[in-house]
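Colleague: First, the structure itself, so that you have it in front of you.
No value in this document is a laboratory result; all are computed from the given coordinates. All figures in this text were calculated on a predicted structure; none of them were measured in a lab. Glycine gets a Cβ as well: all are built from the backbone with ideal geometry, and neighbour counts include every protein chain shown.
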Amino acid sequence: MKQKKKKKKGFLGGARYCDYTGKFYCRSCHLNETFLIPARILHNWDFRNYKISHRAKYFLEEMWKEPIFDVAVINISLYEKIKPLAEMKVF
């Protein structure tokens with residue numbers, strides 16, 4: 001017979017971590033949705049999806065197409081490391 005997983009009780013039992021805000025959320029506010037995290041792209045060229053809270057996903061979806069980050073200011077070394085990015089660089 002398979003054993004049922006016991007739900008954790010206590011202070012953070014059942015809380016979910018948001019990789020965007022760095023905070024824990026209840027299961028109603030964190031639905032295990034995933035999205036790209038701009039800081040991870042700009043600092044590590046990491047395009048993986050991470051689990052984020054519902055509110056963070058709404059914010060990122062709203063801001064996704066807005067040109068608000070200047071790569072040259074945030075991480076100029078990306079131009080040296082990522083050839084396609086260097087080809088698109090605007091002086």
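Colleague: How large is the translational diffusion coefficient of the range 40-89 in µm² per second when you combine the Kirkwood radius over alpha carbon pairs with Stokes-Einstein at 10 °C and 1.306 mPa s?
Modeller: Here the translational diffusion coefficient equals 128 µm²/s.
Colleague: Restricting to DSSP loop positions (anything but H, G, I, E, B) with no more than 16 other Cβ atoms inside 10 Å of their own Cβ, which trypsin sites (Lys or Arg not before Pro) remain in the range 9-91? Before the final figure, lay out the partial values.
Modeller: Values: sites: 9, 16, 23, 27, 40, 48, 51, 55, 57, 65, 81, 89; in loops: 9, 23, 27, 48, 65, 89.
Those satisfying the criteria are 9, 23, 27, 48, 65, 89.
Colleague: Pulled fully out, how much extra length does the chain show between residue 63 and residue 46, if you take 0.36 nm times their separation in residues and subtract their Cα-Cα distance?
Modeller: Full-extension gain reported as 4.3 nm.
Colleague: Starting from the range 50-80, pick out the GluC sites (Glu not before Pro) whose DSSP state is loop and whose Cβ has at most 16 other Cβ atoms within 10 Å.
Modeller: Passing both the DSSP loop test and the Cβ count: no residue.
Colleague: Quick one: if you stick a label point 7 Å off each Cα along the C-beta vector at residue 79 and residue 27, how many nm between them?
Modeller: 4.9 nm
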